Amino acid sequence: MMASKMLPQDLVISDGTIESLFATPQHIKIKFRDWQENRWLFECEGVEAYEDFGATGEELGELRQEVVASAKHTRFIFCSAWSGKTVLSVDAKRIKALKE
């Protein structure tokens, strides 16, 4: 049962880890463990595109958002805590976080 719901950008994702990633057409589910060992499920809806650069098992430093002017979606960029490089980029209409 999901205990609470919020936006991923409202979470402290520093020192959290992407545990797994599951993609289907138009949807991506990301299992994430935060620095306090809480587990979250990020649900990306209306996915236009995504790029995975070895995100599974990666410790995160930040989650950035960029509005894509030519489309009706936002680019969510998950960055490595160690290198600062992008480990996952998702272009989606929305993303929500559900605490497991």
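Some notes on this structure:
- Any chance residue 95 is within 11 Å of the chain's Cα centre (by Cα), surrounded by 14 or more Cβ atoms within 10 Å (Cβ to Cβ) and at pLDDT below 90: yes
- Within region 32-51, being in a loop (DSSP other than H, G, I, E, B) and of a type in the set (Asp, Glu) holds for 34, 37, 48.
- You will find that of 18, 77, 13, 30, the residue that is modelled with pLDDT under 85 and aliphatic (A, V, I, L, M) is 13 and no other.
- Any chance residue 85 is out of contact with any Phe, Trp or Tyr (no Cβ under 7 Å at 6 or more places or on another chain), free of Cβ contacts under 8 Å to residues at least 24 places away in the same chain and farther than 16 Å from residue 28 by Cα: no
- Some residue of region 56-69 being part of a loop (DSSP other than H, G, I, E, B) and surrounded by 14 or more Cβ atoms within 10 Å (Cβ to Cβ): yes
- Taking region 55-68 as the range and being over 10 Å from residue 18 (Cα atoms), in contact (Cβ under 8 Å) with a residue 24 or more places away in the chain and out of contact with any Gly (no Cβ under 7 Å at 6 or more places or on another chain) as the test, the residues that pass are 62, 63, 65.
- In summary, residue 89 fulfils each of the numbered conditions (1) among the polar types (S, T, N, Q); (2) within 12 Å of the chain's Cα centre (by Cα); (3) at pLDDT below 90 with the single exception of condition (3).
- Subset of region 73-98 (residues that are over 16 Å from residue 44 (Cα atoms) and among the polar types (S, T, N, Q)): 80, 83, 86
The values are calculated or read from the model by the stated rules, or taken from the named source; none is laboratory data. Since we're looking at a predicted model, the values are computed, not measured. Methodologically, a virtual Cβ is constructed for each residue, glycine included, from the backbone with ideal geometry; neighbour enumeration extends over all protein chains shown.
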